[in-house]
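The values are calculated or read from the model by the stated rules, or taken from the named source; none is laboratory data. This is a predicted model, so every value here is computed, not measured. Note: ideal-geometry Cβ built from the backbone for every residue, glycine included; neighbour counts use all protein chains shown. For the accessible areas, the whole protein counts, side chains as well, though only heavy atoms, and no ligand, DNA or RNA atoms are used. Shrake-Rupley method; radii C 1.70, N 1.55, O 1.52, S 1.80 Å.
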Amino acid sequence: MRFSGFRVLKEALTGHHGWKPLWRNPEPQPAYDVVIVGGGGGGLSTAYHLAKVFQGKRIAVLEKGWLGSGNIGRNTTIIRSNYLLPGNEPFYEFSMKLWENMEQEFNFNAMVSQRGILNLIHTDGQRDAYRRRGNAMLLAGADAELLDREGVRAMYPWLNFDNARFPIKGGLLQRRAGTARHDGVVWGYARGADLLGVDIIQNCEVTGFRIENGKVLGVETTRGYIGAKKVGVAVAGSSSRVMQMAGMRLPIESHVLQAFVSEGLKPVVDGVITFGAGHFYVSQSDKGGLVFGGDIDGYNSYAQRGNLPVIEEVAEGGLALMPAIGRARLLRVWGGIMDMSMDGSPIIDRTPVDGLYFNGGWCYGGFKATPASGYCFAHLLATDRPHETATAYRLDRFERGYVIDEKGMGAQPNLH
Amino acid sequence: MLIPHPLLGPRDAQEFTYLGDASLLNRPDGMAEGALDAFNRHVYLRDNPAGVHRELWFHEQGDRSWLVVTRNTLTHEILGAELARDVALAQKGGAK
Ligand SMILES: Cc1cc2nc3c(=O)[nH]c(=O)nc-3n(C[C@H](O)[C@H](O)[C@H](O)COP(=O)(O)OP(=O)(O)OC[C@H]3O[C@@H](n4cnc5c(N)ncnc54)[C@H](O)[C@@H]3O)c2cc1C
């Protein structure tokens, strides 16, 4: 079933009886060539690219809940490639380019909207840092513009420019950045993978690995044993729990990050604005709700909910920047579990167990990575070599002293 | 979250900053055999359990003591708190 304008028209005229489920619900086979653990954005994108680009056969995605029940269904949907370090920026720009073609490629509306992201500048030091970052972005083929105060004012005249502590002095703008519909991305990749023959198996939790002589043979699941020549794990916030079953300890802590949506308002924020100094960022959904967030709560958590102090802090940051929203009501608050790595950057690598591969450490930024995370993981699973944009994402980089620490915070996950 | 400070009674967790797993108290001996590996594990690798976790909190906006707090990471329930100094001394074999 292909989606098209013609199809929508035809269904509208014939009572919408022709729409079919977007993917099958197959029973697990006894064995596969590749089993992907985790049906979030990373896992589904991996399966899709493995089947499509690398012509992999007999692939399954095992998801313990329903598709999109993890972070992919909980995030604030910002996509961007405005990183600084050479280990990161080419990867995220590769991802950005994949976003730009994804909807045509998998024939599904993921509502990718390149509405631009603006990082606010308040000091000379910050302007220098952002100019350097902008140059790094340009070098990697991304777009970047440095705006002065008047440039920011032309875009968002209603921001509080003269906050006593953080007056707005300018901003770093990436016009190609923006947002996408998180569920649309899940469904698009799931449907795309299913059409290419991938078995997507929900309500199937991996409870152990069968490993003999240092080689993985398959996975134990709540729906029985499933054999696999290769197993790729992409379980985000559950990374430590799952890899522990293969006897590994990871350079990762799990932390909770909260997000917020206000009642529907008239269009006011047409891009994404980040106010890093105030621990606040915001965009507006197509339904009118302000979608915003701030920092992680800062302590280890698997609770998928946060605490009130961060809600207060984020609200304060929002009001400092946008006093006009003072009367808007908050509709919903929720949390997701972040796989915070020790340097704030992800891992896409083999593991000491033969045939077992790991993808994780996405921190609070793995949504934008969804296309490239899957593409590069598929590349690794298919060829046993890292994709050229993901060569720095090694599991042993900490031990070897090759950390990719964008913020320069050291091995302190709650500061990344 | 309220942290039951052993000296000051229940205090709002907001008064504290969080460091991480209490195993950070056991700094490896840099001169020992295999120190490189021990430091890699100490600095970078974590158990990161879903459930009971012993962790270091610093009472920054209070009496500036370090605590070892026992907390459930699945529910955020706080099960107890001790002075990190006492924990560290006990680990070193009760020396003063
Ligand atoms: C509030 C919030 C805001 C965010 N905002 C942004 C943003 O604006 N931009 C951005 O780029 N990123 C953002 N992120 C981060 C982003 O959502 C994550 O980094 C990314 O979704 C993680 O990859 P994933 O989609 O594969 O993870 P998930 O969707 O969490 O997928 C992992 C899956 O593995 C499954 N699983 C776990 N254990 C098992 C098991 N034993 N067996 C089988 N399956 C298992 C889980 O059920 C889950 O579905 C945000 C996250 C949160 C919570």
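Label separation (B:Leu83 vs B:Val52): 2.4 nm, computed from points 7 Å beyond Cα along the C-beta direction.
Normalised by residue number, the volume inside the convex hull of the Cα atoms of the stretch B:13-72 is 88 Å³ per residue. For the residues of B:37-46, the average number of beta carbons from a partner chain within 10 Å of their own beta carbon is 5. In plain terms, the chain from A:Met155 to A:Lys97 could stretch by 18.4 nm, reckoned as 0.36 nm per residue minus the Cα-Cα distance. Among A:Gly65, A:Gly317, A:Gly401, which one shows the biggest mean-square fluctuation in a GNM of chain A, springs joining Cα atoms closer than 10 Å? Looking only at A:Gly65, A:Gly317, A:Gly401, the biggest GNM fluctuation is shown by A:Gly401.
In terms of overall dimensions, the C-alpha atoms belonging to the stretch A:256-301 reach 37, 21, 11 Å along their principal axes, ordered largest to smallest. Most simply put, chain A has about 70% antiparallel DSSP beta bridges, counting only bridges with both residues inside it. Site pair A:Leu138 and A:Arg305 shows an inter-label distance of 4.9 nm when each label is modelled 7 Å from Cα along Cα→Cβ.
Could you compute the net charge surrounding A:His416? Neighbours are other residues with a C-beta less than 11 Å from the C-beta of A:His416; K and R count +1, D and E count -1. Combined, the nearby Lys, Arg, Asp and Glu give -4. Using a probe of 1.4 Å, the accessible surface attributed to A:Arg24 totals some 100 Å² when neighbouring protein chains are kept in position. Does anything in the stretch A:329-346 have its amide N under 15 Å from the 7 Å Cα→Cβ label point of B:Ser23, and if so which residues? Within reach of a label on B:Ser23, which here means backbone N under 15 Å from a point 7 Å along Cα→Cβ, the stretch A:329-346 contributes A:342. Spatially close Lys pairs in chain A, defined by Cα atoms under 14 Å apart and a spacing of eight or more places or different chains, total 6.
I want to verify a result. In a Gaussian network model of chain A, Cα cutoff 10 Å, which of these has the top mean-square fluctuation: A:Leu44, A:Leu356, A:Leu85? It is A:Leu85. Taking 0.36 nm per residue of separation and subtracting the current Cα-Cα distance, fully stretching the chain between A:Leu146 and A:Arg223 would add 22.4 nm. Note on the stretch A:56-125: Rg/Rh from C-alpha atoms, Kirkwood Rh, equals 1.06. Taking a ≥ b ≥ c as the square roots of the eigenvalues of the Cα gyration tensor, an a/c ratio of 1.5 or more together with a/b no larger than b/c marks the protein assembly as shown as oblate. Taken residue by residue and averaged, Cβ atoms of other chains lying within 10 Å of the Cβ of A:348-358 number 0.
The phi torsions of the stretch A:235-241, fed into the Karplus equation with coefficients 6.51, -1.76 and 1.60 and a -60° offset, translate into couplings of 10, 6, x, 9, 3, 5, 5 Hz, rounded to whole numbers, with Gly and Pro shown as x. Set the Cα radius of gyration of the stretch A:313-413 against 2.2 N^0.38 Å, with N its number of residues, and you get 1.42. The trypsin sites (Lys or Arg not before Pro) of the stretch A:319-416 that meet both conditions, a loop assignment by DSSP and at most 13 other Cβ atoms within 10 Å of the site Cβ, are A:Arg329, A:Lys407.
Residue by residue along A:303-310, Cβ atoms of other protein chains within 10 Å of the local Cβ number 3 on average. Per residue, the solvent-accessible area of the stretch B:2-91 (1.4 Å probe, heavy atoms of protein chains only, all protein chains present) comes to 53 Å². Taking the average, over residues, of other Cβ atoms within 10 Å as the packing measure, peptides A:138-145, A:9-16 rank A:138-145, A:9-16 from highest down.
For the peptides B:13-26, A:292-305, the ranking by mean Cβ contacts within 10 Å, running from highest to lowest, is A:292-305, B:13-26. Computed 3J(HN,Hα) for the stretch A:128-138, one whole-Hz value per residue from the Karplus formula 6.51 cos²θ - 1.76 cosθ + 1.60 where θ = phi - 60°, is 4, 5, 6, 5, 4, 4, x, 5, 4, 5, 4, glycine and proline marked x. The calculated FRET efficiency for B:Leu7 paired with A:Val8, based on their beta-carbon distance and R0 = 41 Å, is about 0.05. Full extension of the segment from A:Thr123 to A:Asp384, taken as 0.36 nm per residue of separation minus the current Cα-Cα distance, would add 89.4 nm.
Using a probe of 1.4 Å on the protein chains alone, the accessible area found for A:Asp286 is around 110 Å². Comparing A:Val282, A:Val403, A:Val268, which has the greatest mean-square fluctuation in the GNM of chain A with Cα pairs linked when under 10 Å apart? Most flexible of the set in this elastic network: A:Val268. Each of A:Glu27 and A:Glu212 was given a label point 7 Å from its Cα along the Cα-to-Cβ line. The distance between the two points is 2.5 nm.
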